[in-house]
Amino acid sequence: MNYRHAFHAGNFADVFKHVLLSRILAYLSRKETPFRYIDTHAGVGRYDLSGEEAQRTQEWRGGVGRVLSADMPPHIRELLTPWLMAVGERDEEGMPLSYPGSPALAQYMLRSQDKMTFCELHPKDVATLGANMGRDRRMKILELDGYMALRAYVPPVERRGLVMVDPPFENVDEFDVLAQNFLEAWRKWPTGVYALWHPVKDSRLIDNFYFDLRKAGVERLLRLELTIAAPTPDGRLVGTGLCVVNPPHVLAEEARILLPWLANRMALEADGKDARFMVKG
Ligand SMILES: C[S@@+](CC[C@H](N)C(=O)[O-])C[C@H]1O[C@@H](n2cnc3c(N)ncnc32)[C@H](O)[C@@H]1O
């Protein structure tokens, strides 16, 4: 477990993931009945952008920094509002002081009747997560393997909700591990909403992943991807994806509005010529 998210917090992949997460949570909040948000790989909740890790990479400048400094058309601003609100305090130049990870975003968006469960395996991160999130009677934090939680904690008692699976993808077989663990959970709770994050590097691996899910009988799948540049010689991450199972019916339409704007805004090249997005139902 070498992965430290603090180096990458607020980068283009985080913005993509969290904006989509905010749209799913907004949809779940339309009904009064409570729901549960389960985050299997939670991280520390909120990231200090003046901290050593963020300062060293400055990745956030190409993600949340680019978005916050943009002139936003009203229809984009409207869809981004919950995520923008969760970003919180800014400096005099309008740049964020910290960046909300998935737990802080959920904490901001969930209502008093909703519940959230966060799993994190790195002991130091578990402690930081607890300190960053404060006291919240809606929340449970578990020092636990996220894949075990994925299999064990569904269906939640609320019978409504979202499971976010955001593993570090440090191992070569991560797509297979993700598919197997997801399928085990899905068989127990086929009507839940699941958001499965993955990097976009080798499209054959992603095609195989979707093929495996469909072969197992998963029908309601939304494939969302965003790429900010052509592959670079140093192999850095330039593409990000989210597989949403049982997506809210408005999500594809919202993604078709948001992703081209985000891709263009966060593109590595100023003309955005290699920026791409995919919305495939
Ligand atoms: C990509 S980061 C999560 C970021 C977070 N979801 C967010 O959006 O703010 C992945 C996290 O998973 C943790 N992790 C790694 N292996 C894990 C496992 N088996 N179970 C739970 N957490 C794990 C890492 O310590 C890291 O904090």
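Points to keep in mind about this one:
- With every protein chain in place and a 1.4 angstrom probe, the accessible-area ranking of F277, F175, largest first, reads F277, F175.
- List T191, T57, ordered by accessible area with a 1.4 Å probe, largest first: T191, T57
- Charge tally in the Cβ shell below 10 Å around V245, where Lys, Arg are +1 and Asp, Glu are -1, V245 excluded: 0
- Base-10 log of normalised Debye intensity for the stretch 5-280 (one unit scatterer per alpha-carbon) at q = 0.07, 0.09 Å⁻¹: -0.22, -0.38
- What separates the Cα centres of the stretch 90-158 and the stretch 1-67 is a distance of 11 Å.
- For the stretch 178-281, the square roots of the Cα gyration tensor eigenvalues, ordered a ≥ b ≥ c, give a/c of at least 1.5 with a/b no greater than b/c, which places it in the oblate category.
- Solvent exposure of the chain amounts to 46 Å² per residue of accessible area, where only protein heavy atoms count and the probe is 1.4 Å.
- Protein-only accessible surface at a 1.4 angstrom probe places the residues E225, E219 in the order E219, E225, largest first.
- Rounded to the nearest 10 Å², the accessible area of R214 at probe 1.4 Å: 110 Å²
- Within the straight-line cut-off of under 15 Å between alpha carbons, the aspartates and glutamates reachable from K115 are E32, D39, D136, E158, sequence neighbours fewer than 8 places apart in one chain being disregarded.
- Subset of K17/K124; K140/K188; K140/K280 violating a 27 Å alpha-carbon distance limit: K140/K280
- Candidates per trypsin sites (Lys or Arg not before Pro) in the stretch 74-123, loop by DSSP, up to 14 other Cβ within 10 Å: R111
- Here E184 sits with roughly 90 square angstrom of accessible surface, probe radius 1.4 Å.
- Rolling a 1.4 Å probe over the protein heavy atoms of the chain, with every protein chain left in place, gives an accessible area that is 51 percent carbon and sulfur.
The values are calculated or read from the model by the stated rules, or taken from the named source; none is laboratory data. What you see is a predicted model; the values in this text were computed from it and never measured. Cβ: placed from backbone, ideal geometry, glycine included. Neighbour counts: every protein chain shown. With ligands, DNA and RNA removed, areas are computed over all heavy atoms of the protein, side chains included. Shrake-Rupley method; radii C 1.70, N 1.55, O 1.52, S 1.80 Å.
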